[in-house]
1. Is there a quick way to get the dipole size of the chain? I mean about its Cα centre, with the Cβ of Lys and Arg at +1 and of Asp and Glu at -1; what is the value in debye to the nearest 20?
2. Each residue of the range 3-17 in order: what ³J(HN,Hα) in whole Hz does its phi give by Karplus 6.51 cos²θ - 1.76 cosθ + 1.60, θ = phi - 60°, with x for Gly and Pro?
3. In Å², what does the accessible area per residue of the chain work out to with a 1.4 Å probe?
4. Given H placed on each backbone N at 1.01 Å, which residues far from Phe69 in sequence or on other chains put an amide H within less than 5 Å of it?
5. If one takes the longest principal axis of the Cα atoms in the chain, at what angle in degrees, from 0 to 90 and to the nearest 10, does the Cα axis of helix 51-63 lie?
6. For the chain, build the convex hull from the C-alpha positions and give me its volume per residue in Å³.
7. Tell me, what % of the accessible area of the chain is carbon and sulfur with a 1.4 angstrom probe?
Amino acid sequence: EYPFLLVDVRTEKEHVTQNIGGVNIPFNQLDKNLKLFEGAAEVVVYCHSGFRSGKALEVLKEKFPNQKFYNLKGGIEEWY
């Protein structure tokens, strides 16, 4: 069991090219994969620069108001 769920909301092609782990759910497929987030205590979302993951947080916080969601500041670009 992991202390948090790590989610990459970039495209599959971006994820395959470079990632820091986690599950890949492209932003445009987020609504189709909401079951994954049910019961997750904490979720960290990332993308290339933080823009898409910020939008993903808005969606996820609305759907799961009692869960903790975090955006990896600066995205994968800042990580490396």
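1. Taking the Cα centre of the chain as origin, the dipole is about 160 debye.
2. x, 7, 9, 9, 10, 9, 9, 7, 5, 4, 4, 5, 4, 5, 5
3. 67
4. Amide H to amide H, under 5 Å and 5 or more residues apart or across chains, Phe69 pairs with Val43.
5. For 51-63 against the chain, the angle is about 10 degrees.
6. It is 84 Å³ per residue.
7. On the way: 2770 of 5350 Å².
That fraction is 52 percent.
The values are calculated or read from the model by the stated rules, or taken from the named source; none is laboratory data. Not measured: the values here are computed from a predicted model. Cβ coordinates were reconstructed from backbone atoms using ideal geometry, including for glycine residues, and neighbour counts include every protein chain displayed. All accessible areas refer to the heavy atoms of the entire protein, side chains included, with ligands and DNA or RNA removed. Shrake-Rupley method; radii C 1.70, N 1.55, O 1.52, S 1.80 Å.
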